[in-house]
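The structure appears right after this line, and notes come after that.
Where a number appears in this text, it was derived from the coordinates with a stated rule and is not lab data. All of these numbers come straight from a predicted model, not from anything done at the bench. Quick reminder, even Gly has a Cβ in these numbers, built from the backbone with ideal geometry, and neighbours come from all protein chains shown.
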Amino acid sequence: MDASMINKIQKASEYASQPERATFNNLTVEFDGANGHYTVQLGVDGWSCTCAGFNTYAICPHVMALESLLKPMLKRRPVPYSPGQNIVSDVKKAKRYSQERDRIRIAHFDCSFDGYNKTHHVSYDEGRWNSTASFFAQRGVCSHTMALEKILKGFVDPVRVQPVI
């Protein structure tokens, strides 16, 4: 391992302790709920979920759990509770889901990442990472992707480091 890679690993550790540096622009999550498998998405128009509760109330325990887990990276207000929603049950379920992280798998995201020198864009698509950082173009990894991997541990596949030739 060379000095530049060691520097990126150290910077990634610093970045990982500051998750608010990342802002999700869009996000797709596969969620194993108590009653089925759902797809939860975040886009410019807000959240969506394939569960019946979201279809009825425009909020559900799946979205609530993700809002809790990813709060520093969302930069938006939580979805408000809805009239008629079983709030007590949904809050309990969301809390349980946020503790049972193995229910959640991020399939795709695109985010802005505020580095020390500039903002980079990082994306993830079914295990394939990409970043606008020049180090990523050379090595297939950078401090931004490594930091996000640490922050999202268990939700995403690890970054595959390219060997230096």
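So here's what we get for this one:
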| item | result |
| --- | --- |
| Qualifying strands (runs of 3 or more DSSP E) (wholly inside the stretch 1-62; at least 1 residues being at positive phi) | 46-49 |
| Residue match in the stretch 135-153 (condition: touching a His at 6+ places or on another chain (Cβ under 7 Å), closer than 20 Å to Leu27 by Cβ, surrounded by 21 or more Cβ atoms within 10 Å (Cβ to Cβ) and in contact (Cβ under 8 Å) with a residue 24 or more places away in the chain) | yes |
| Residues (outside any helix (DSSP H, G or I) and free of Cβ contacts under 8 Å to residues at least 12 places away in the same chain) located in the stretch 77-120 | Arg77, Pro83, Asn86, Glu100, Asn117, Lys118, Thr119 |
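Conditions tested, residue by residue: (1) aliphatic (A, V, I, L, M); (2) free of Cβ contacts under 8 Å to residues at least 12 places away in the same chain; (3) surrounded by 14 or more Cβ atoms within 10 Å (Cβ to Cβ); (4) more than 22 Å from Ser143 (Cα to Cα).
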{"residue": "Ala12", "(1), (2), (3), (4)": "yes, no, yes, no"}
{"residue": "Ser17", "(1), (2), (3), (4)": "no, yes, no, no"}
{"residue": "Trp47", "(1), (2), (3), (4)": "no, no, yes, yes"}
{"residue": "Cys51", "(1), (2), (3), (4)": "no, no, yes, yes"}
{"residue": "Ala58", "(1), (2), (3), (4)": "yes, no, yes, yes"}
{"residue": "Leu69", "(1), (2), (3), (4)": "yes, no, yes, no"}
